[in-house]
Amino acid sequence: MPFSDSARRLRTFRGYSIVWLFGGGNTAETRAALARFWADHGAIGTPFAAWRRTFEVGAVALDVHGEIAGVSSFYPDILPADGRPYWFYRTFVRPDSRIVGLALQLFDCTFATLAADYGGEPGSPEGVVATMENPKLDTPAGLRVIRQSGLALLGTDAHGRSVWRRRFDDA
């Protein structure tokens, strides 16, 4: 598997290893495995979009067989609501690995690593913004999990999806 030597191990959670790829360890073999993962699960529509997204991958959850179970990705941009830079966060967990807590672990690992590696650099993003695309998260239980991760609701976007933010200074 392409993640054995190329990624920094962050933690384990209920049999899943969470490793860090961003900023190094993203080889052609790793990018191909990520693109296959998204294609196999219908997560990203085109090969080019999947390839481009591979450069935005932060944390990867690997199952006991070393197969990709979930991925966090992000890109830097300006939040129109306040004109400040943030990392815009996304996550995808394959259906058979959607256990309680795994997506939260991916977020927590991503947030903590971005804060440690880039937080406080002049001009760098000030935190993480996440738009909830999964309507199942707009339930009392889903909202509780989102708030556990330290995210605060900013409002909704033009598509009616909730937008959340966590600043590195608030950690």
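Just a few scattered comments:
- When 56, 29 are checked against the criterion of being modelled with pLDDT under 95 and open to solvent by 10 Å² or more (accessible area, probe 1.4 Å), a single residue qualifies: 29.
- Residues located in region 128-161, provided they are open to solvent by less than 40 Å² (accessible area, probe 1.4 Å) and aliphatic (A, V, I, L, M): 128, 129, 130, 132, 146, 151
- Matching entry among 92, 111, 22, 88 (being of a type outside the set (D, E, K, R), assigned to a helix (DSSP H, G or I) and either open to solvent by 30 Å² or more (accessible area, probe 1.4 Å) or touching a residue at least 40 places away in the same chain (Cβ under 8 Å) (or both)): 111
- Complete set of residues in region 115-135 that are over 13 Å from residue 91 (Cα atoms), assigned to a loop (DSSP other than H, G, I, E, B) and in contact (Cβ under 8 Å) with a residue 24 or more places away in the chain: 119, 120, 123, 124, 125, 126
- Which listed residue is without any contact (Cβ under 8 Å) to a residue 12 or more places away in the chain, over 27 Å from residue 163 (Cβ atoms) and more than 14 Å from the chain's Cα centre (by Cα), from 31, 36, 14: 36
- Applying a threshold of 9 Å to beta carbon distances and a minimum spacing of six or more residues, or different chains, the list of pairs starting in region 57-73 at a residue that is in a loop (DSSP other than H, G, I, E, B) and ending at one that is open to solvent by less than 20 Å² (accessible area, probe 1.4 Å) and among the polar types (S, T, N, Q) reads 63/97.
The values are calculated or read from the model by the stated rules, or taken from the named source; none is laboratory data. Just so it is clear, the structure is predicted and the values come from calculations on it, not from any experiment. We place every Cβ from the backbone using ideal geometry, glycine too, and count neighbours over all the protein chains shown. The area values use the complete protein model at the heavy-atom level, side chains included, leaving out ligands, DNA and RNA. Shrake-Rupley method; radii C 1.70, N 1.55, O 1.52, S 1.80 Å.
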